[in-house]
1. Among B:GLU556, B:GLU429, B:GLU199, rank each residue by its count of other Cβ atoms within 10 Å, from fewest to most, as a rough exposure measure.
2. Please report the net charge: other residues with Cβ closer than 10 Å to the Cβ of A:PRO360, K and R +1, D and E -1.
3. Ranked highest first by average number of other Cβ atoms within 10 Å, how do B:279-289, A:198-208 line up?
4. Neighbouring Cβ atoms within 10 Å as the yardstick, rank A:GLU80, B:GLU35 fewest first.
5. List A:MET299, B:MET93 from most exposed to least, where exposure is judged by having the fewest other Cβ atoms within 10 Å.
6. What cysteines in chain B have no other cysteine with a beta carbon less than 4.7 Å from their beta carbon?
7. As a check on your grasp of the helix formula, calculate [θ] at 222 nm for chain B: sum -39500 (n - 2.57) over DSSP H runs of n ≥ 4, divide by the residue count, round to the nearest 500.
8. Be a star and scan segment B:24-39 for residues whose amide nitrogen sits under 16 Å from the point 7 Å along the Cα-to-Cβ vector of B:LYS145.
Amino acid sequence: MTEAYIYDALRTPRGKGRKDGSLHEVTSLRLSALTLNAMKERNNLEGHAVEDVIWGNVTQVMEQGGCLARSAVLASDLDESIPGLAINRFCASGMEAVNLAANQVKGGAGEAYIAGGVEMMGRVAMGSDGAAIAVDPTVAMKTYFVPQGISADIIATEYGFSRADADALAVESQRRAKAAWDDNRFAKSVITVTDQNGLAILDKDEYMRPQTDMQSLGSLNPSFQMMGEQMPGFDAVALLKYPHLEKINHIHHAGNSSGIVDGAAAVLIGNKEFGEKHGLKPRARIKATAKIGTDPTIMLTGPVPVTEKILADNGMTIDDIDLFEVNEAFASVVLRFMQAFDVDSDKVNVNGGSIAMGHPLGATGAMIIGTLLDELERQDKQTGLATLCIASGMGAATIIERM
Amino acid sequence: MAEFTLTKDADGVALITWDVPGKTMNVMSITGLAELSDCIDDALADDAVKGIVITSGKDGSFAGGMDLNLLAKMKEDAGDNPAQGLFDGTMQMHGLLRKIELAGMDRKTKKGGKPIAAALPGTAAGIGLELPLATHRIFVSDNPKAKYGLPEILVGIFPGAGGTTRLVRKLGAIGASPFLLEGKMVDAKKAKGAGIVDEIAADPVAAARDWVLNAKDADLVKPWDAKGYKMPGGAPYHPAGFMNFVGASAMVHGKTKGAFPSPKALLSAVYEGALVDFDNALKIEARWFTHVLMNPSSGAMIRSLFLNKEALEKGAVRPKDVPDQRVKKLGVLGAGMMGAGIALVSAQAGMQVVLIDRDQEAADRGKAYTETYLDKGIKRGKVSADKKDAMLGLINATPDLEQLKDCDLIIEAVFEDPAVKAEMTKKVEAIIPEDCIFASNTSTLPITGLAEASVRPEQFIGIHFFSPVEKMFLVEIIKGKETGPRAVAKALDYVRQIRKTPIVVNDARFFYCNRCIIPYGNEATRMVTEGVAPALIDHAAQQLGFPVGPIQLGDETSIDLATKIMRATKAAMGNAYPASEADDLIVWMEDKGRLGRKSKAGYFDYDEKGKRLGYWKGIHDKYPLADEQPDLIEVQERLMFAQVLEAVRALEEGVLEDIREGDVGAVLAWGFAPWSGGPFAWLDIIGAEYAAARCDELTAKFGDRFACPALLRDMAEKGETFYERFDPEAKAA
């Protein structure tokens, strides 16, 4: 079968997803086009160089609506013969874009793709696209719908993670992110966001709080306790699905959950011929992809079964993986992953994660694949696995292998 | 024309009067709907008619709602496609109400319609309010006793004649929710404040007449029929509305534990209806209404919580030939918690009460219970000071037995000791009139045995109240071997006076209710000894619709009560007593002084104020949590079968004479899964065949207490249901 290779991976820095964030003035379209242009320039993608642009994005309304992928292609310097596909698998949209592209290449549907995603969370509010699962009683009740923060707290309760466990993971994420930046480890991937005059707007992740320690986190109130225990009382719904639990232990807060940020990322995927034609050297092959549906109430445990699946499907074991990227949507998601597979934290999110740097929903999946590849190269390791938990109870994973 | 009549006057006002013959309050029937439709057609077609007023011929009320038998009939009449019959019938109703709402106006210009107002002399519930909601203006009388609302949810359905759709569009989802989801009924002032009715008038018909004669075209257009209508509080995908609707699903789901079908269907009708225009919303409402009616739960709830409850309250099982036995003066022996509560509810019903205890102080304490209760009522504005004085004046608290000399009913509520009770019986019988009925409020001692102390055992009976008396709706009446019909009639007439629901059972250990409750509690504690998480047990019961789980109930009723009952049963049964690990658990708890809420330590830990903190983890020192927790369904079936098999045995043994009493009693006395309509209705829903098969499986796994009773086995083989085999109406006929 044809192999799918990663030729390049890049991302924008992550801006705080609010009015005082550096990227707040930038449109979703401009950030997308700028990312595509960087990819074009770095790899000389003239004409119909790629078959399609697959662009992940979660909140596809307003400026992110109307198939942003196609608008972004047209706004960029890419050739208009390249179409554009907007996709949404919530937090794994960026990863799903990469996986789709890889599998298209493997199946012979074109030589190359740009896959990635964008989310301007400060400009287009999360949830502003509505969601039947939250609001339509037929499905909300059937799935025992609770918001993600409650789900993260169910994980903590069910699998026995304390507030201290979660806070320690958050402190470590911050420490690692700072160390990575100090050591210039993201240099290969991060592009500078510039304005229409070429003036720099942002060249570094700005959400990080490297001064974070256990004490500073200790002063934060749990974010989901009120909606869980009082109005409207999501804990009661959670306990219907998890009746053996006495109550939900609310351990998550702003400091040990992923940050709301703006950002975009892209990965260039192609077959062998594509590389030869453009004089590009493959950095890694996409060995395997997987996705799975899981219990929508606890919602965020997907990384475990999807990892089990991707390993089993490919005759691998957890020991075959050198490094992991497990999206830090909430601390308990990563804690559960490490607990389930008994993997050492040294191998997981080596350069920090979404708790420290933020989680631009539609882009993160593509971002962490790039981060994983950079780190495999830095440590000269072979095989990496990236995975994300996904809203409504899903999981996605990608295994990459260096050349 | 019988139920609706139309008269026209010289001013051009057509008055449609609803007056169902032979009823104190109007209820809507098929005939009624047809007649109302004819009246409307007539008035709309008549050029001389300028406006229409719809009112009631009943004093103090407009209508009580739908004849709930009508829904069953709509279903029956549709033959093998009942859903179609229900949907078509509901849509017809919508058609009629929509005809009233649009009143002949041009649908484009919204002009040329005839003003239609509702003039309500008083209470309007269910379709009694849904009909007025379809008119252009609602006038209600200033009658302070009248109540307005849509209580359908309380009997397992929801307002299905446009009430759901109209009220949500009028008040918004949040504003409408107490009325739709809780079935809240309010007085005229509050109804006007909430925006359910438009005006309060001393003479609502006159005010309505006035209004229809002066109304303009624009006054006839409902907000939802006008251009640019926006739902108050926001529709589901409006930013504010979104949060409301997310919250509504969660709140309803959490509060009802997912056990009841009708709130779910109601919410879906609201949500889906809010996303479309009014006429499509009505169609959606009709589809969900049909869905609820097709669910066996709604039929079972209507049957038990409405039809049969009412039948029992009206004396369905009262001995026919005994004259009126209403109580004039009641003697209550023992002013403890039960006696005090009995005195309270009896005084509330206007009875004179002699409240006896060993000394004045103890008797006064019992009376103070009523005073405290009334003071709370005054604080909440529910009771007047005059009412308090009058009620306290009815209670004569005294240690003097002589005061009982002109009582016509005695209820004994002294210590649960046969010797103490026997002594009281003898002492009091020597004083009271010969025709006075003597009742015991025992919850555990057989009536036949207690009656041995009586010189008039045919006048001796059990009247078993549940605690707290003023809050519990059921009273269990127990016939001893020699209890005569007048005693039964007396007890029933008394229960009717205090406005509670009676069931009448024959004498046997624990009668009916406790006979079912005790094994239920035992099954729960047995599971604890097996290592099942107490939270799982309580949640399992709550998800079946029980208001509290059995472990928590154990703390509420106290653990020493459980050990006391256990020891008494053991003593009475001797070798036949089925000992279990559950007994060891409660004895161990008792030894540790963990007696439940009253000792601020039991299955739960409590703070100093008695607030539950969480399950007591120490229990797992003796009974460690199992690594593998059982399936929720298995826990639920153990809890359910522990109760319903006792109910079946009670029927087999003749303790229960009527399955209606078994079902109504279970729901009212201990909150048995109300959505099911009761133990027998539940067995009918799951089917005797399935039930018998589950009995066999549970017996194999857990023991003989789940052995299938012969009656249930027989029904399984014949494919029968309880309501077929023991059809109460056929029996009555």
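1. B:GLU556, B:GLU199, B:GLU429
2. Summing Lys and Arg as +1 and Asp and Glu as -1 gives 0.
3. Ranked from most to least packed, the peptides come out as B:279-289, A:198-208.
4. In increasing order of surrounding Cβ atoms, one gets A:GLU80, B:GLU35.
5. B:MET93, A:MET299
6. B:CYS39, B:CYS407, B:CYS436, B:CYS513, B:CYS516
7. Using -39500 (n - 2.57) per qualifying helix, the result is -15500 deg cm²/dmol.
8. B:24-26
Read-outs throughout are calculated quantities, based only on the coordinates presented, and are distinct from any laboratory measurement. Just so we're clear, the structure is a prediction, and the values are computed from it rather than from any experiment. Cβ atoms come from the backbone with ideal geometry, glycine included; neighbour counts cover every protein chain shown.
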